[in-house]
Amino acid sequence: MKTDADYIAGLKSNERKAYAEFVGVFAPGIYNVALNILQRREEAEEVAQDVFMKVFQSIGSFDGSCSLKTWIYRITVNKSLDMLRQRKRKTPWTVFVNLFGEDGEEKETAVDFVHPGIQMEQKEEAGILFAAIDKLPERQRIVFILYQFEDLSYKEIASTLKTSVSAVDSLMSRAKKQLREQLNPLVYGSVR
């Protein structure tokens, strides 16, 4: 199994094989993080491409203060959040084009999003869960996604977000509490 140093050396040497291997190893994680944050496949693909471009351009400045995976996930989270902010700033016409496409056909929206890894019989429940996750405050949502879907430890998340482990723990606790509050009425019905 290759180490961070092996990947870094390969990328710095501009070897085509090293690039292809790097993309093959890291693409699924980058795409999944972006997809879970953005909940739109096209945007997640665009972010993944942007992340690889940033990594390839910046590998020389990687200082090794964190793991390569953590550094890549940090770039992915930041690019995904940039995409979300860009989405919110769009004019009414670009929102229309984003919803329906330039040809007028309706496109996938975050409300309709169901992660492609979800089994058919679980799509409705998954849709409800992703809608609830989407309502979380930004940092809580990112912590929840990185922990639950990407299996990062609190320490890795803290390094990715440049914060403390206790801050991650607090964000995760609040995210779980808010999700319970949102999902319990759906699971158990409204309490009178």
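Just so it is clear, none of the values below were taken in a lab; they were calculated from the coordinates. This structure is a prediction, so every number in the text was calculated from the model and none was measured. Note that we place each Cβ from the backbone using ideal geometry, even for glycine, and neighbour counts take in every protein chain shown.
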Can you give the local net charge around LYS69? Use residues other than it whose beta-carbon is closer than 13 angstrom to its beta-carbon, Lys and Arg +1, Asp and Glu -1. -1
Taking 30 Å as the cut-off for C-alpha to C-alpha distance, list the pairs among LYS54/LYS177; LYS54/LYS176; LYS2/LYS79; LYS12/LYS135; LYS2/LYS135; LYS12/LYS88 that go past it. LYS54/LYS177; LYS54/LYS176; LYS12/LYS135; LYS2/LYS135; LYS12/LYS88
Karplus-derived HN-Hα couplings along segment 47-59 (A = 6.51, B = -1.76, C = 1.60, θ = phi - 60°), whole Hz, x at Gly and Pro: 4, 4, 4, 4, 5, 5, 4, 5, 4, 4, 6, 9, 4
If you wrap a convex hull around the C-alpha atoms of segment 1-74 and split its volume per residue, what is the figure in Å³? 85 Å³
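I need the chymotrypsin sites (Phe, Trp or Tyr not before Pro) found in segment 1-49, filtered to DSSP loop residues with at most 11 other beta carbons within 10 Å of theirs.
Numbers: sites: TYR7, TYR19, PHE22, PHE26, TYR31; in loops: none.
Counting only loop positions with at most 11 other Cβ atoms within 10 Å, none of the chymotrypsin sites (Phe, Trp or Tyr not before Pro) in segment 1-49 qualifies.
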